[in-house]
Amino acid sequence: MPTQVQSYAAYAADTPLSHYRFERRDLRADDVAIDILYCGVCHTDLHFARDDWGMTSFPIVPGHEIVGRVTGVGSEVTGYQVGELVGVGCMVDSCRQCSACSDGLEQYCENGFTMTYGSVDPHDGTMTQGGYSDAIVVSERFVVRMPEGIDLPSAAPIMCAGITTYSPLKHYGVKPGHKVGVIGMGGLGHMGVKLAKALGAEVTIFTRSESKVAEAKRQGADHVVISSDESQMAEVAETFDFMLDTVPVQHDLNPYLNVLRYDGTHILVGLLEPIDPAVNGGSLIFKRRVLAGSLIGGMPETQEVLDFCAENGITCDVEMINIDQINEAFERMQKGDVKYRFVIDMASLKTQSAA
Ligand SMILES: [Zn+2]
Ligand SMILES: [Zn+2]
């Protein structure tokens, strides 16, 4: 029998999220059933709820930064047991056979990965629904283990914001001696700073606003550069090995490319739109610079970043909310009024449902 679950869903692009009851599937042989304890609130949730990308099928239950406890396992599950603390991130399935999947890079699955919400489940044709709910059922391949002692609410955003910044830093081999610049100080940026520091790099935050300097230092940045100040930008020209660019809206990359030394790499993790203004090819060619992109991270790497955060005492700065504060949280998030991630205490959904 499928299980009835409680959730908060968007029923249309222009209405607030509200209560929604729906069914989670029976356990398949490789499935893990999870009671959700906490769920982070990502910008993608907001975009999907408001159909900003024109691909939302309503009603939709957002949420892909999930922490919970295993309540049941399918007959072939070997990695998890009832009672264990686990996480689920942005993906819940992929073809599992292509070269990307074989490499543990399910986010680049040649047949497309199944998003935690807003995707059609390739097995039964239903829409996937995310973590703003009291329970979820996920194949064990797409479940990760919470390391011993990790703070659970602040671990939730590692499932998206953490892995999105960790994956490129690891892929490009960031290590002691490297200079890393981080552009943007939101959920992704602040995790990027902490992770790059823990990997041993010298980290600089680039911000347009003088008012953010103290906060940037508090986040652990070694230096802060005001990117709108041409003299400050000129001072650091051709000095960086990597620029981690978390800005999700169009911006001029050319001034940032110029701060890369030769062979430096500018990594986009937030911009999904055409680059405008255009990038000067000469600035790439004359210094053999690389302009790159990176999407979340694979499942083995997601486990790795959780373990890395636990070992290095890295947590995401979170503000806890109850589920009935989600619409207000969306409003505040849009204004950049959160340091740095809202996390929903899902116990609040149970008390809501009882009321
Ligand atoms: Zn996300
Ligand atoms: Zn695949």
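So here's what we get for this one:
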| read-out | value |
| --- | --- |
| Helices (runs of 4 or more DSSP H) within the stretch 141-231 that include 2 or more residues over 29 Å from GLY87 (Cα atoms) | 213-218 |
| Any strands (runs of 3 or more DSSP E) falling wholly within the stretch 1-43 and containing at least 1 residues that are β-branched (Val, Ile, Thr) and over 11 Å from VAL61 (Cβ atoms) | 3-9, 31-41 |
| VAL92 being in contact (Cβ under 8 Å) with a residue 24 or more places away in the chain, within 14 Å of ARG25 (Cα to Cα) and β-branched (Val, Ile, Thr) | yes |
| Among the candidates VAL82, VAL73, VAL77, residue that is of a type in the set (A, V, I, L, M), surrounded by fewer than 16 Cβ atoms within 10 Å (Cβ to Cβ) and more than 15 Å from ligand 1 (Cβ to nearest atom) | VAL82 |
| ARG24 in the same structural domain as LYS339 (by the TED database) and open to solvent by 50 Å² or more (accessible area, probe 1.4 Å) | no |
| Among residues of the stretch 324-355, those that are hydrophobic (A, V, I, L, M, F, W, C) and more than 17 Å from LEU152 (Cα to Cα), counted | 8 |
| Complete set of residues in the stretch 59-80 that are more than 23 Å from SER154 (Cα to Cα), in a loop (DSSP other than H, G, I, E, B) and not hydrophobic (A, V, I, L, M, F, W, C) | PRO59, GLY74, SER75, GLU76, THR78, GLY79 |
| Pairs, first aliphatic (A, V, I, L, M) in the stretch 15-32, second assigned to a loop (DSSP other than H, G, I, E, B) and open to solvent by 40 Å² or more (accessible area, probe 1.4 Å), C-beta under 8 Å, six or more apart | ALA29/SER75; ALA29/GLU76 |
| Matching option when the condition is within 16 Å of THR302 (Cβ to Cβ) and either in the same structural domain as ARG25 (by the TED database) or modelled with pLDDT of 95 or more (or both), among SER94, SER119, SER99 | SER94 |
| Selection count where residues are in a loop (DSSP other than H, G, I, E, B), open to solvent by 30 Å² or more (accessible area, probe 1.4 Å), away from ligand 1 (no atom under 16 Å from the Cβ) and at negative phi, scope the stretch 281-300 | 2 |
| Test: residue in the stretch 339-347 that is open to solvent by 20 Å² or more (accessible area, probe 1.4 Å), more than 29 Å from GLY220 (Cα to Cα), among the aliphatic types (A, V, I, L, M) and assigned by the TED database to the domain that holds SER154 | yes |
| One residue from GLY40, GLY63, GLY87 being in contact with a Leu (Cβ under 8 Å, 6 or more places away or on another chain) and open to solvent by less than 10 Å² (accessible area, probe 1.4 Å) | GLY87 |
| Subset of the stretch 251-263 (residues that are outside any loop (DSSP other than H, G, I, E, B) and either in contact with a Leu (Cβ under 8 Å, 6 or more places away or on another chain) or hydroxyl-bearing (Ser, Thr, Tyr) (or both)) | TYR256, LEU257, TYR262 |
| Checklist (1) out of contact with any Gly (no Cβ under 8 Å at 6 or more places or on another chain); (2) modelled with pLDDT of 95 or more; (3) farther than 30 Å from LEU271 by Cβ applied to THR3, failing item | (2) |
| Tally, over the stretch 91-100, of residues that are crowded, with 24+ Cβ neighbours inside 10 Å and not in a strand (DSSP E or B) | 1 |
| Subset of the stretch 301-338 that is part of a loop (DSSP other than H, G, I, E, B) and over 25 Å from ASP134 (Cα atoms) - its residue that is most open to solvent (accessible area, probe 1.4 Å) | LYS335 |
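The values are calculated or read from the model by the stated rules, or taken from the named source; none is laboratory data. Just so we're clear, the structure is a prediction, and the values are computed from it rather than from any experiment. Quick reminder, even Gly has a Cβ in these numbers, built from the backbone with ideal geometry, and neighbours come from all protein chains shown. Accessible surface areas use protein heavy atoms only, side chains included; no ligands, DNA or RNA. Shrake-Rupley method; radii C 1.70, N 1.55, O 1.52, S 1.80 Å.
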